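Following this message is one structure expressed as structure tokens.
Bear in mind that the values in this text are calculations on the coordinates, not laboratory data. Being a predicted model, the structure only gives us computed values, none of them experimental. Cβ placement follows ideal geometry from the backbone for every residue including glycine, while neighbour counts extend to all protein chains displayed.
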Amino acid sequence: MSTRFSAQQSRLTEAMAESARGPRRNGLFALWLFLGSCGHLFPPNRVSERAHRRRLQALEKRLRSLLLPRPLERALRGGIQRLGGGTERSACIALRMLVTPVRETLGWDAAEAVARAAQLAESGDTRGGGRHRGDAEPGRVDRAVRSS
């Protein structure tokens, strides 16, 4: 697990464990994989450009084998294209793009995990969890996600 988004990946893992087999569980797994790919664009786990390209190819291949809700599948494809830039900023944008499709297809909890990952990516914080200076108050992310 990437250290930057490990708290969010853990939340998705717990949601997967509670879900029955099917598109919802596959979607949670796809998000977990996507967060891992995003996490490798940030220090201290930053990988080389070549390794990043290989990870994205492996991610695309793995996602093709999963039965995913269509809106989520389209959003993940767009997110992978964004990640192709290989920058921290591209990861922030890709995560932000996923919040609404995740909320519509997988629910509030998964959307909140993705929104929090996007906040962490934008803040430049490397600790991966908890409240940090400049963060919204607890529960505020949920309201922000619901309004989008």
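If I take R0 = 25 Å and measure r between the Cβ atoms of residue 13 and residue 81 in this structure, what FRET efficiency does the formula 1/(1 + (r/R0)^6) give, to the nearest 0.05?
On the way: r = 26 Å, r/R0 = 1.03.
So, using R0 = 25 Å, E works out to roughly 0.45.
Under the 0.36 nm per residue contour assumption, what length would be gained going from the current alpha-carbon distance of residue 66 and residue 50 to full extension?
Details: separation 16, 0.36 × 16 = 5.76 nm, distance 2.51 nm.
My answer for the length gained is 3.2 nm.
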